[in-house]
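To start, the structure under review is shown below, and the notes come after it.
The values are calculated or read from the model by the stated rules, or taken from the named source; none is laboratory data. Please read these numbers as outputs of a predicted model, since none were measured by experiment. Cβ placement follows ideal geometry from the backbone for every residue including glycine, while neighbour counts extend to all protein chains displayed.
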Amino acid sequence: MDAATLDRPYDRLGALPRGLWLPGLVTACGDCAQRLADAARWLEHLKAGQLPPAEADFADADAVRPLREAIAELGLPVLTRGTPALAEQVLRTALWHLDRVPGLQPKCTRDEAIAHAAAGFRDEWQLETAGLEEDLALLQGLGDLAALRWDELRGQLRSREWQAARRASEWLLQLPSLAELIRRLGRAERAPTRRPQAPPPADGRTARRTAMRAVTTTLPDEPGEITGVRLSGRIERMVPAEAAMLRHPVLKKLWRARHAESRLLTWRSEAVLVDWRADPRARPRPASPLPDPEPLERGPVILCLDTSGSMRGAPENIAKAVAIAALRLAHESGRACRLLAYGGPGELVECDLDLARGGLAPLLELMGRSFDGGTDVQTPIERAIDSVHEAGWSGADVLIVSDGEFGCMPRTLDRLEAARERLGLRVQGVLVGDRETMGLLEVCDDIHWVRDWRRYADAAQGGDGRGFSPVHSRSLTALYFPNALSRHAQRHRPEGAG
């Protein structure tokens, strides 16, 4: 007699996970040999998202049929598709309830015991599956469920960090434009369609660019440059010598008299508003034809998240939603994604969102933390520049999510410009605020404004689902003060200005 014959029927345990060996052997239902064979079929069908076949009945069709019907009613095969840990737990629970049938007799008949066991199975999984479908859908988009055991999976879904990730995923559904922006980042593939070009002139002549002229408007007595001293009664603008009289027991009476007569010495100031308008008297200049570069997209992404205290509240929710979208992108398309979460000096968290190397863990850690501290964008920008010079990252784009309250040293901006020229690096900014700052203008090629960012605050933070920015445009600096743009921010200067 050979060894294989001696091992029967226990040789069939090799097709089952170790966690199903004991339930498969001791369950008081049907025949052991057929139960072990049918258990493997059940597990295979559940992992494929299918209802186990009716003929796989463990040699006890009367007892197994109600449990199979309960699995169909609860829609468990939909949840177990691609989730081995959940499929194994469903089979383990079914075997446990089948094992209770003999113990419920002779207090009740066999049919009543079977019905009681099926009801217990149904009640248990109704509780377990409450909200499980949404969680599994999100988790399947972020990681490989085949690597998780049931206890790990259940603990993951009940953690505070996971609940924060789930809320961030819900915010992401309301930000489809950001998800599309992240999908296009990178320069590894040709874009499927070229960007639409402006149609040529009807008469076939070369397109001409309208000249612009600066229109200066002086606003007297408004905050701006100090031009002199004058007499007035405006206390907020009085010179220090007038304010000093308020502390003197006698001179304070003179101050009151001067104030009543509007004869206090005060600063004179004026504001100058420069507006660029089309100059109809200037000769139109032919627009120099620019080369039409081949559009590239879908490459590696370096995500820089601002986690400073100014981002707390609605900006924090948007930043976490972008991080969720980045990891989902990395998992679905197999693209490299590096996360640089920065705060104050020395507060830089760097990780590659690679699920094979535990990329989900640092992301969930980010989901669970509160944004606070200062802002040091110098270090993450330097690290991003270093990254694009590494093998496999030369085609990466940088995405910065911030409220714009930062600035970079000239040396860092020069390195960024060099990377643009040599590698074609593109830096995209997501502005979660009312206006861009000089720091954001100097660093980013394009700035994508989330104008209604206030609506993404939680109820405890005053969010009411409404609230657009009261500012008509985030480009206030470029529109009204173009001369204030630095050398690195000139790309945002109005077209035709100067």
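Data overview
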quantity: Selection from the range 19-67 of residues that are crowded, with 16+ Cβ neighbours inside 10 Å and of a type in the set (K, R); calculated: R35, K47
quantity: Count - residues of the range 78-107 that are closer than 13 Å to W42 by Cβ, at pLDDT 85 or above and not small (G, A, S); calculated: 8
quantity: Single residue of the range 434-446 satisfying the filter (crowded, with 21+ Cβ neighbours inside 10 Å and in contact with a strand residue (DSSP E or B) (Cβ under 8 Å, 6 or more places away or on another chain)) that is modelled with the lowest pLDDT; calculated: E436
quantity: Conditions (1) hydrophobic (A, V, I, L, M, F, W, C); (2) modelled with pLDDT under 60; (3) touching a helix residue (DSSP H, G or I) at 6+ places or on another chain (Cβ under 6 Å); number of the one not met by L476; calculated: (3)
quantity: Residue match in the range 249-258 (condition: closer than 26 Å to T216 by Cα, modelled with pLDDT of 80 or more and outside any helix (DSSP H, G or I)); calculated: no
quantity: Close pairs (8 angstrom Cβ cut-off, 6 or more residues apart or separate chains): closer than 16 Å to V64 by Cα in the range 103-117, at pLDDT below 85 anywhere; calculated: A113/Q105
quantity: Test: residue in the range 447-465 that is closer than 24 Å to A179 by Cα, surrounded by fewer than 19 Cβ atoms within 10 Å (Cβ to Cβ) and at pLDDT 80 or above; calculated: yes
quantity: Test: residue in the range 338-352 that is in a loop (DSSP other than H, G, I, E, B), more than 16 Å from the chain's Cα centre (by Cα), charged (D, E, K, R) and modelled with pLDDT of 80 or more; calculated: no
quantity: Filter result for L413 (surrounded by 16 or more Cβ atoms within 10 Å (Cβ to Cβ), outside any loop (DSSP other than H, G, I, E, B) and modelled with pLDDT of 85 or more); calculated: yes
quantity: So F406, is it at pLDDT below 70 and in contact with a helix residue (DSSP H, G or I) (Cβ under 6 Å, 6 or more places away or on another chain); calculated: no
quantity: The range 306-337: number of residues that are assigned to a strand (DSSP E or B) and on the phi > 0 side of the Ramachandran plot; calculated: 0
quantity: V78 loosely packed, with under 14 Cβ neighbours inside 10 Å, among the aliphatic types (A, V, I, L, M) and part of a helix (DSSP H, G or I); calculated: yes
quantity: Members of the range 89-110 found to be among the charged types (D, E, K, R) and under 18 Å from D123 (Cα atoms), listed by number; calculated: R92, D99, R100
quantity: Residue check, L364 modelled with pLDDT under 75 and buried (at least 24 other Cβ atoms within 10 Å of the Cβ); calculated: no
quantity: For T379: the one exception among (1) at pLDDT 75 or above; (2) within 13 Å of A323 (Cα to Cα); calculated: (2)
quantity: Count - residues of the range 293-305 that are modelled with pLDDT under 75, in contact with a Lys or Arg (Cβ under 8 Å, 6 or more places away or on another chain) and outside any strand (DSSP E or B); calculated: 3
quantity: Qualifying position, being free of Cβ contacts under 8 Å to residues at least 60 places away in the same chain, over 15 Å from L20 (Cα atoms), part of a helix (DSSP H, G or I) and out of contact with any Ser or Thr (no Cβ under 9 Å at 6 or more places or on another chain), among E44, E73, E124; calculated: E73
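Quick grid of which residues meet (1) modelled with pLDDT under 80; (2) farther than 22 Å from Q428 by Cβ:
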residue	(1), (2)
T266	no, yes
V274	yes, yes
P284	yes, yes
I324	yes, no
H331	yes, no
A356	yes, yes
